[in-house]
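Contents: one structure, followed by commentary.
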Amino acid sequence: MTCTKIGAGLRRLEFTQRKRLGTAAGVTHVLVEFARNERLARDQHVQIHLGVRAGSARLLEGVPTLLGASDPIRQDNYLYRLEGDVS
């Protein structure tokens, strides 16, 4: 399975801390919105690098949701959303 790396076009980046049941460690829930000039394939997986924490790279991977196009007539700048948990 190929994964498209997203490094540009980030429009929104939100981190939310949540406690994991039964442990003292927390989980970070991340919501990312990004724009692309080209539309992604229907089930295309993407990978977004979120930086490094405690010596480990933090990545968010998954299939984003298409929110729409900024200009529906010209069909450019497709806006996507991806969210998930990052330990």
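The values are calculated or read from the model by the stated rules, or taken from the named source; none is laboratory data. The model shown is predicted, which means the values in this text are computed figures rather than measured ones. Every residue, glycine as well, gets a Cβ built from its backbone with ideal geometry; the counts of neighbours run over all protein chains shown.
Quick notes on this one:
- Flag if T65 is at pLDDT 90 or above and among the hydroxyl-bearing types (S, T, Y): yes
- Search result, residues across segment 21-36 that are at pLDDT below 90 and surrounded by 10 or more Cβ atoms within 10 Å (Cβ to Cβ): G26, V27, T28
So that you can scan it fast, the table gives a plain yes or no per residue for (1) out of contact with any helix residue (DSSP H, G or I) (no Cβ under 9 Å at 6 or more places or on another chain); (2) modelled with pLDDT of 95 or more; (3) within 18 Å of G7 (Cβ to Cβ):
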residue	(1), (2), (3)
G51	yes, no, yes
A54	yes, no, no
A57	yes, no, yes
A69	yes, no, no
R74	yes, no, no
R81	yes, yes, yes
